[in-house]
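First comes the structure, then the notes that go with it.
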Amino acid sequence: MNALSKAAARPLADRRTAALALLSLLQFLIALDVTVVHVALPSIGAQFDAPTGSLSWVVTGYTLVGGGLLLLGGRVTDLLGRRRMFLCGAALFAVASLVAGLAPDLPVLIGARFAQGAGEALASPAAMSLIALLYPAPAERAKALGVWAAISSGGLVAGVLLSGVITELLHWRWIFGINVPLAIAVLLIAPRLLPSDGPRVRTERLDLPGAALLTAGPLSLVYGVVESAPAAVVAGVLLLVGFVVVEARTRHPLVPLAFFTHRVRAVANAVTVLLSAALSTAFFLLTLYLQDVVGFGPLQAGLAFLPLCAALFLAIAVTPRLITAIGLKYTALVGLVCTAAGLAWLARLPDQGAYAADVLPGMVGVAAGMGVGLLALQNAALHGVTEDDAGAASGVQRSVDQLGGALGLAVLVGAVAGGTAGVDGFRTAFLYALVGIAAAAVALLLAAPNERGSEESSSS
């Protein structure tokens, strides 16, 4: 490359880096709001005089609506434009955050959390598909997605810490208020950095019935598990069956069922469900164990997650090199093994444990598994994407990640840990999560080909 070509390429590279930073900032806020409510829930409940069961929807409502609508968000992204949908999602997230911070009662707060999830459903697949297309080379894409995933995962951990700090020093309402100025900054800067979509001439109809079924099904399932309502569980299953029927019959499905015949993507998404379920369970139960058993206060419990954050960032930093060296399949297996080791340690938590000896080793193992495993599976889920299906692939990946986490949390914590007294329930939930990870590892080992991120599609 001559000097003139290098000079022309440098501004493009700088612009891509700035665009990646901007996309990652909004994803940080989206991830932050998954966990930022945990420590603040007692304060919210006290202000609104709300029972624990009702408060749980402040957590799960966000992820369930976001996960249920992500496929629609991915499809809308492909049809109407990636930058347009990213901006729409960011705007909706900002408005919903403002409403949540000003909510006069619990129903309004829960409704605002639903709207935050809808904003995520537009912004996240648009951001992932923008990254996939801004960085088409496999090695570059792995690094870019690694940065995006690292910042996103940092938001999950930062949420716990900020929740304690803000709740103790300010007020719980500010856990939502901090989103507003940052989201506005994203809206103002994005048009200058993100590539224009250009005119869209496609006229395909959106699959709104499919989106409604995919959102209502998991909501009904979680409600049935949390409230011990078998009828709601059955209704949730029927709604999900209805979703499959609708997708098979409609002319313009959210995702054509043939999409799942791509073996690399199909296995990656299936394994993501089990890994996300285990990670969500571990994150939630460790927060409770640190406060209820070890005796940490909210701020101290948040600080206790800093080693998890460090291990997570280190794992994400080495994952692109692992993918290059041993391929996506075996990198994902490394992540699953680390997760399994962490869960096995946590499955032996004592009734009166200590942080350093009983919690920290398992926490670090789970963090390493999360960083390596999810990033490798994320790359596999986007393997071989094109201009036409990048948004759909991104939406599927994000959807299975969030729905897997929410459903896993409901089943493992609600049905397993909730049905067993004290720390014994925690140990049982970790054990069941470990079984799920073992099943995921076997499925990955037997069913998935090993890909190193080449742009060629694998055989179905």
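Remind me, relative contact order of the chain in percent, using alpha carbon pairs under 8 angstrom and six or more residues apart?
Values: 800 pairs, mean separation 104.8, N = 460.
Result for the chain is 23 percent.
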Practice task
Would you mind checking the tilt of helix 306-346 against the longest principal axis of the Cα atoms of the chain, expressed as 0 to 90 degrees and rounded to 10?
Solution key: 20 degrees
Practice task
Calculate one ³J(HN,Hα) per residue across region 82-92 by plugging θ = phi - 60° into the Karplus curve 6.51 cos²θ - 1.76 cosθ + 1.60, and present them in order as whole Hz with x for glycine and proline.
Solution key: 6, 5, 4, 6, 4, 5, 4, x, 5, 5, 5
Exercise for the section: Starting from the Cα gyration tensor of region 71-160, take the square roots of the eigenvalues, sort them a ≥ b ≥ c, and report rounded, prolate or oblate (rounded when a/c is under 1.5, otherwise prolate if a/b is larger than b/c, else oblate). Expected result: oblate
Exercise for the section: Would you kindly derive the ³J(HN,Hα) couplings of region 397-410 from the backbone phi angles with the Karplus curve 6.51 cos²θ - 1.76 cosθ + 1.60 (θ = phi - 60°), listing them in order in whole Hz, with x for Gly and Pro? Expected result: 4, 5, 5, 5, 4, 6, 5, x, x, 5, 5, x, 4, 5
Problem - Cβ-derived FRET efficiency at R0 22 Å, F260 paired with L206, nearest 0.05 - result: 0.65
Exercise for the section: Give me the angle, in degrees from 0 to 90, between the Cα long axis of helix 230-249 and the longest principal axis of the Cα atoms of the chain, rounded to the nearest 10. Expected result: 10 degrees
Exercise for the section: Would you give the gap between the C-alpha center of region 215-230 and the C-alpha center of region 53-68, rounded to a whole Å? Expected result: 11 Å
Problem - Inter-label distance, nm, simple model (7 Å from Cα along the C-beta direction), E168/A248 - result: 5.5 nm
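Using the Cα centre as the reference, give the magnitude of the dipole from point charges on the C-beta atoms of the chain (Lys, Arg: +1; Asp, Glu: -1; all else neutral), rounded to the nearest 20 debye. Working shown, then result.
Details: 26 positive and 24 negative charges, 250 e Å.
Its charge dipole is roughly 1200 debye.
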Exercise for the section: Using the charge dipole of region 130-258 (Lys, Arg: +1 at Cβ; Asp, Glu: -1 at Cβ; taken about the Cα centre), state which of V255, A235, L161 has its Cα farthest towards the positive end. Expected result: V255
Fill in the blank from the handout: Percent relative contact order for region 204-298, counting Cα pairs under 8 Å at least six residues apart, stands at 23 percent
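Quick one: net charge around S54, please, counting Lys, Arg +1 and Asp, Glu -1 for every other residue with C-beta under 13 Å from its C-beta. Intermediate results must be reported in sequence, preceding the final value.
Values: positive: R113; negative: D49, D105, E227.
Its environment carries a net charge of -2.
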Exercise for the section: On a 0 to 90° scale, report how tilted helix 263-292 is relative to the longest principal axis of the chain, with both axes built from alpha carbons and the result rounded to the nearest 10. Expected result: 30 degrees
Completion exercise
Taking a probe of 1.4 Å and leaving out DNA, RNA and ligands, region 126-171 shows per residue an accessible area in Å² of 32 Å²
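The values are calculated or read from the model by the stated rules, or taken from the named source; none is laboratory data. As the structure is a prediction and not an experimental result, all values here were calculated from the model. Cβ coordinates were reconstructed from backbone atoms using ideal geometry, including for glycine residues, and neighbour counts include every protein chain displayed. Only protein heavy atoms, including side chains, enter the accessible area calculation; ligands, DNA and RNA are left aside. Shrake-Rupley method; radii C 1.70, N 1.55, O 1.52, S 1.80 Å.
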